[in-house]
Amino acid sequence: MRSELLRREAALAERNPDGVEGGLVSLIADDFMEFGRSGRIWTKDSILGPLTTGPSSPPVEMEQFEAVELADNVALVTYHAALAIRCSIWVKRDGRWQMRFHQGTPASD
């Protein structure tokens with residue numbers, strides 16, 4: 001589970017669909033919500049444009065990456081990256097992991 005979710009988190013952070021079956025959009029749940037580092041609230045509809053048309057980013061270093069199973073088919077991912085503490089809730093639906101929630105909290109360097 002950990003390596004699978006790390007690969008998916010990295011693909012989203014880098015906007016890199018390579019190796020992600022169904023592309024990046026398939027990783028975002030229909031009921032997705034994000035509290036961004038900037039304070040902006042994102043939904044699936046509002047994130048699709050930047051996710052699919054924005055340029056790829058360089059590799060993102062994810063430090064202290066952890067994945068914990070909260071319940072059957074529900075996992076909490078936490079890590080530090082890009083001057084933020086980040087967390088995501090992933091749900092496994094129809095046999096595939098999708099991000100349901102993400103939050104980035106500013107952190108000092």
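Coordinate-derived values only; no laboratory data. If you're wondering where the values come from, they're calculated on a predicted model, not measured in any experiment. Methodologically, a virtual Cβ is constructed for each residue, glycine included, from the backbone with ideal geometry; neighbour enumeration extends over all protein chains shown.
Laid out as a table, the results:
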| quantity | calculated |
| --- | --- |
| Proximal charge balance of Arg86 [Cβ under 14 Å; K/R count +1, D/E count -1] | -4 |
| Charge tally in the Cβ shell below 11 Å around Val60, where Lys, Arg are +1 and Asp, Glu are -1, Val60 excluded | -2 |
| Summed residue charge, Cβ within 15 Å of Phe101's Cβ, Lys/Arg positive, Asp/Glu negative | +4 |
